[in-house]
Amino acid sequence: MGWYEYFTRKGFKTYMGEQVGRGRSGFDALQYQKVLTGDAPPSSNPAILIATDQFAWNVFRWGDYATKTPYKDERFPMQTVGVGKNATLDFYKQVIPDLNSTLSEAASPTCADGNCTPADPNAPFNTPENMALLANQLDGAILVGHSQSSGFPTMAALRPGSNGVKGIIQLETGCFANLTPANIQVLKNIPILIMVGDHFSTPQPTPACVTMQKQIKEAGGDMTFVALPDLGIHGNSHMFMQDNNNLQVADIIISWIRKHVKYKNHGHGHDGHGHW
């Protein structure tokens, strides 16, 4: 069972959002059309980025890509990426292109320039803007982000006019060490959960998460950092919503919500890669 269905079955009104410029949320095709009609040179076409299998192995922390050897405790279904008996490449069918570089006005971070993760919590990107709008329209929502999108819930809470974010859940990092005093005054009123999986090559939490948690707590706020190995749960990949213990991980999130977030109607929003 996937998280969308599971959270719904657990009583949350669950909304599945796509990052602007990915998946079903569309992109701006105008520049491509200009090239097609001869009104612009081919060199002006925006970049189309798509991840390779090597990228997936390294970033999703599955094991040794060179030998295609998973970690011994790896929980991701490796048969879907060509490993083991009756293996397929079905997981790669979920890969979608990143077309953020086509966007105009308030863009989104683009991996085409090597900067996948937002660095400025106050940057006016499309997706956080829309997440803030959704939370307002729902009269309150818990926003969830994953991977490149992990910082978007915090960014949504900091957008001008944002007042509907009742909880922030950021999966696989998403911390900011450069919050302004005004940012901290906003975030101290919103419970925050940061959760990461296993097999990181660097210590967890990251320095950015240590700084952010210290700032939030000193202001009287509520920020929790959870590394699953610290709970005795080992082998989880970057894609733990697809790992073989995905519901166990979901239950940890639900338990945190019930202990930390004051909410009505179980409003729950999610933005991620579009794989879920």
Inset, instruction - Search the range 16-32 for residues being assigned to a loop (DSSP other than H, G, I, E, B) and not small (Gly, Ala, Ser), and hand back the single one that is farthest from SER150 (Cα to Cα). - result: ASP28
Legend entry - Count of the range 230-246 residues which are crowded, with 17+ Cβ neighbours inside 10 Å and either small (Gly, Ala, Ser) or not in a loop (DSSP other than H, G, I, E, B) (or both): 3
Inset, instruction - Any chance you could count how many residues in the range 127-169 are over 21 Å from LYS13 (Cβ atoms) and either surrounded by fewer than 19 Cβ atoms within 10 Å (Cβ to Cβ) or in contact with a Cys (Cβ under 9 Å, 6 or more places away or on another chain) (or both)? - result: 7
Inset, instruction - Pairs only if they're at least six apart or on different chains, beta carbon under 7 angstrom, first in the range 38-61 and in a helix (DSSP H, G or I), second polar (S, T, N, Q); list them, first residue then second. - result: SER44/GLN31
Legend entry - the range 125-175: number of residues that are of a type in the set (Gly, Ala, Ser), assigned to a loop (DSSP other than H, G, I, E, B) and in contact with a strand residue (DSSP E or B) (Cβ under 9 Å, 6 or more places away or on another chain): 3
Inset, instruction - Take the residues in the range 1-52 that are acidic (Asp, Glu) and buried (at least 16 other Cβ atoms within 10 Å of the Cβ), then tell me which one is nearest to MET241 (Cα to Cα). - result: GLU18
Inset, instruction - Pick out the one residue from ASN58, ASN86, ASN100 that is over 21 Å from the mean Cα position of the chain (by Cα) and not assigned by TED's automatic domain parsing to the domain that holds SER149. - result: ASN86
Inset, instruction - Could you please tell me which pairs satisfy a Cβ distance under 9 Å, a separation of 6+ or placement on different chains, a first residue in the range 123-146 that is over 19 Å from PHE27 (Cα atoms), and a second residue that is among the hydroxyl-bearing types (Ser, Thr, Tyr) and assigned to a strand (DSSP E or B)? - result: LEU134/TYR15; LEU138/TYR15; ALA141/TYR15
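The values are calculated or read from the model by the stated rules, or taken from the named source; none is laboratory data. Since this is a predicted model, take the numbers as computed values, not measurements. Please note: Cβ atoms are built from the backbone with ideal geometry, for glycine as well, and neighbour counts cover all protein chains shown.
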